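Report on one structure; see the data block that follows.
The values are calculated or read from the model by the stated rules, or taken from the named source; none is laboratory data. Since the structure is predicted, the reported quantities are computational estimates derived from the model, not experimental observations. Cβ sites come from the backbone with ideal geometry, for glycine too, and all protein chains shown count toward neighbours. Accessible surface areas use protein heavy atoms only, side chains included; no ligands, DNA or RNA. Shrake-Rupley method; radii C 1.70, N 1.55, O 1.52, S 1.80 Å.
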Amino acid sequence: MGVEQGQNSVSASEGWVTAKIIARYLGVSTANIYRSARKRTIPSLRIGRTVRFSIAEVVAALQVDSSKG
């Protein structure tokens, strides 16, 4: 599982990524990612003005959320 970014591929095991990368990975807009993080639907890490996401944690959170029905 990875996202193509130029010549690089981002895998779920590579740690914390930007909203742009997680949005590409999930096929949604960056606005959707930021909105979900603000509502705490997906986990995020804020350091100052920077927000980062763990692909593995976001995917796990979305899988739990979708299994609730």
Of all residues making up segment 35-68, the number that are over 15 Å from TRP16 (Cβ atoms) and either in a helix (DSSP H, G or I) or touching a residue at least 60 places away in the same chain (Cβ under 8 Å) (or both): 9
The lone exception for ALA23 - which of (1) in contact with a helix residue (DSSP H, G or I) (Cβ under 7 Å, 6 or more places away or on another chain); (2) touching a residue at least 12 places away in the same chain (Cβ under 8 Å); (3) small (Gly, Ala, Ser) it fails: (2)
Residue tally, condition open to solvent by 40 Å² or more (accessible area, probe 1.4 Å) and at pLDDT below 95, over segment 4-24: 9
Some residue of segment 42-50 being surrounded by fewer than 14 Cβ atoms within 10 Å (Cβ to Cβ) and either in contact with a Gly (Cβ under 9 Å, 6 or more places away or on another chain) or hydroxyl-bearing (Ser, Thr, Tyr) (or both): yes
